[in-house]
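Take a look at the structure below.
The values are calculated or read from the model by the stated rules, or taken from the named source; none is laboratory data. Model, not experiment: these values are computed from the prediction. Cβ sites come from the backbone with ideal geometry, for glycine too, and all protein chains shown count toward neighbours. These accessible areas exclude ligands, DNA and RNA; they are computed on the full protein's heavy atoms, side chains included. Shrake-Rupley method; radii C 1.70, N 1.55, O 1.52, S 1.80 Å.
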Amino acid sequence: MYLSRVVLTGEHLHNLYEIHRALWQAFPCDPDQVRDFLFRVEKRETCQVQVLLQSQRMPEDRKKNIRVLATKTFNLSMPEGSFLRFMLIANPVKTIADEQGRLNNKGDVKKCRVPLIKEDEQVEWLKRKLDDAALANGLEIEKQTPVYFRKNHRRGKIQPFAFKGLLQIQDSKLFEDLIRQGIGPAKAFGCGLLSLARA
């Protein structure tokens, strides 16, 4: 696994999904490749964005609008019982049935995601996502700037939150999978990357 600092330049980078699309260019072209990276915007300036990128492949300066500042490998395997400080930008949501009973193309009632705004709901959401992989303690949760987007001619909104605190690893293999996959939805919008540091 690789952790990199990447600078992207361009006029379209005010949109997080466009940043996600631009990051694909840091990897060899493979039409069948599924997304195997997570990212988080660390710094924004006019026409320039600095990104923290976690990837299974090493990123490269493949296009003139992408500059890889630094890359390091890191070991996902961590001993059970160990404590780590963490930071996560996530989109805590729950899925509910459409209130008007509208149906999807399969004839089932449509479902939609709604943000979890109350702190106790967010804490429970994170506990569910960590499952048996780790326990979270000393949580601090901070609301982030909303993300607006358009998809299939419809407008949407994501309400990310920053989670910080201490994790105790319960199951090394499950925790490794969690790091690799990321936590929660909206990964194409810069959510889900779990940053870790020794406690």
If eta is 1.567 mPa s and T is 4 °C, what Stokes-Einstein diffusion coefficient results for the range 36-135, Kirkwood Rh from Cα pairs, in µm²/s? 72
Here the Kirkwood hydrodynamic radius of the range 72-199, Cα-based and in Å, equals 16.1
In vacuo Debye scattering of the range 152-199, one point per C-alpha: log10 I(q)/I(0) at q = 0.20, 0.28, 0.33 Å⁻¹? -0.80, -1.24, -1.36
Rounded to the nearest percent, how much of the accessible area of the range 56-181 (1.4 Å probe, protein heavy atoms only) is carbon and sulfur? 46
Magnitude of the charge dipole, the range 88-199, Cβ model with Lys/Arg +1 and Asp/Glu -1, debye to 20: 740
Label points 7 Å out from Cα along the Cβ direction at Arg44 and His12: separation in nm? 1.7
What helix-only [θ] at 222 nm does the chain give? Using -39500 (n - 2.57) per DSSP H run of at least 4, over all residues, to the nearest 500, the answer is -4500 deg cm²/dmol
Cα→Cβ-extended label distance, 7 Å offset, between Gln100 and Phe149, nm: 2.3
With a 1.4 Å probe and all protein chains left in place, how much accessible area per residue does the chain have, in Å²? 60
When we measure straight from the Cα of Lys173, which lysines land under 19 angstrom away, once same-chain ones fewer than 8 places off are left out? Lys127, Lys129
Leaving out ligands, DNA and RNA but keeping every protein chain, what accessible area does Met58 have, in Å² rounded to the nearest 10, with a 1.4 Å probe? 100
